[in-house]
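Below is one structure, written out as structure tokens; the observations come after it.
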Amino acid sequence: MARFAVFSAGSWGTAMAKVFADAGNNVMAHARRDEVVDAINTRHQNPRYFPGVLLPSRVQATKDTTFALSGAQYLVLSVPAQTLRDNLTHWARYIRPDTLVVSLMKGIETDTGLRMSEVIHEVTGIPFERIAVLSGPNLAREVAGGQPAASVIACPDETAAAALQSACRTSYFRPYTTADVTGCELGGATKNVIALAVGLATGLGLGDNARALLITRGLAETARLGAALGADPLTFSGLAGAGDLIATCSSPLSRNRTFGEHLGQGMTVDQAARATNQTAEGVKSCRAIRRLAREHGVEMPITEVVTAVIDGTTTVKDAAAALMSRSPKPELYGA
């Protein structure tokens, strides 16, 4: 039995807090709002995200950072990617040297182009061997409901990855391990941008052929960027690559797909944000991913078009036309 500190008690953080507790661990969730702390501690629920879902009694909550991290063997970070740096600046002093920091976040920092593990390392000084990434086709609502799911734990330290794997395996949640942190993080970040494109297509009334086109070509451009950054190509055919991409692009539970669908139906970016009512990481990360691609000479046409739509430099209809008017190329090597 281990002690987990989960920062914070949003939808994915709460879902994974339940997984850790169901695996037999004690979990302290860090929340910002009194009503969330009270609901978890007294009613064993987080009704804002999962009304009716009971959390194990092993899950408790607090607003106190020091108390949340006291004795924690695992610090699990599940905050919006673009807030990670500021939050860690305040939290870093409380993290014990032997704590394994686990990132659940799927984004690229806008200003720096850094992956989340790189931000954690830069802000805290924690060595990469003490930083793990958990990524895969994990829709929070399904996981919270105990539906079968699998994920990948990436960490340079195989022993640490295996220990975390054992600590979070349940009857419904199956974790695998890998050393390819770069591939897992890129797969998790870029799939959000591709899901925005699939949502745009859905909002425009396009069919399954168009969605399949975007998913497969989106995976191809993700793999190209991964190769340029040193990722293992096999990662993108696994859970953290194709698996996560398919789930995020196919499900109405996906925030990014939903956000894109709102745009395809004619909403502005601000209107889509209000309608989605949760963080869609692809909206913020698309610019950083586009910059990474350009810096490394990688063609990512879907990412380019989605970013142009988010920036307001092209319309949704023009974006679809731009993708379909690209010159034909060989499938395996063409962009």
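Read-outs: derived from the displayed coordinates by stated rules, not from any lab. On a predicted model such as this, the values are computed, not experimentally measured, just so you know. Heads up, the Cβs are rebuilt from the backbone with ideal geometry, glycines too, and the neighbour counts pull from every protein chain shown.
By the count of neighbouring beta-carbon atoms within 10 Å, fewest first, Met324, Met300 end up ordered Met324, Met300. Neighbour counts of other Cβ atoms within 10 Å put His44, His296, His30, His262 in the fewest-to-most order His296, His44, His262, His30. About the Cα centre, and with charges only on the beta carbon of Lys, Arg (+1) and Asp, Glu (-1), how big is the dipole of the stretch 3-179? Nearest 20 debye, please. The dipole of the stretch 3-179 has a size of about 440 debye. The mean of 1/r over all distinct Cα pairs in the chain, once inverted, gives the Kirkwood hydrodynamic radius of 20.0 Å. Fewest-first ordering of Lys191, Lys18 by other beta carbons within 10 Å of each residue's beta carbon gives Lys18, Lys191. When each of the peptides 1-11, 114-124 is scored by how many other beta carbons lie within 10 Å of its residues on average, the order from highest to lowest is 1-11, 114-124. Based on alpha carbons, the Rg and Dmax found for the stretch 188-324 are 13.6, 39 Å.
When each of the peptides 305-316, 98-109 is scored by how many other beta carbons lie within 10 Å of its residues on average, the order from highest to lowest is 98-109, 305-316. I need the shape label for the stretch 1-133. Rule: rounded when a/c is under 1.5, else prolate if a/b > b/c, else oblate, with a, b, c from the alpha carbon gyration tensor. Taking the square roots of the gyration eigenvalues as a ≥ b ≥ c, the stretch 1-133 is prolate.
Of the peptides 65-78, 172-185, the order by per-residue mean of other Cβ atoms within 10 Å, starting with the highest, comes out as 172-185, 65-78.
Taking the centroid of alpha carbons for each part, the stretch 79-133 and the stretch 145-180 are 19 Å apart.
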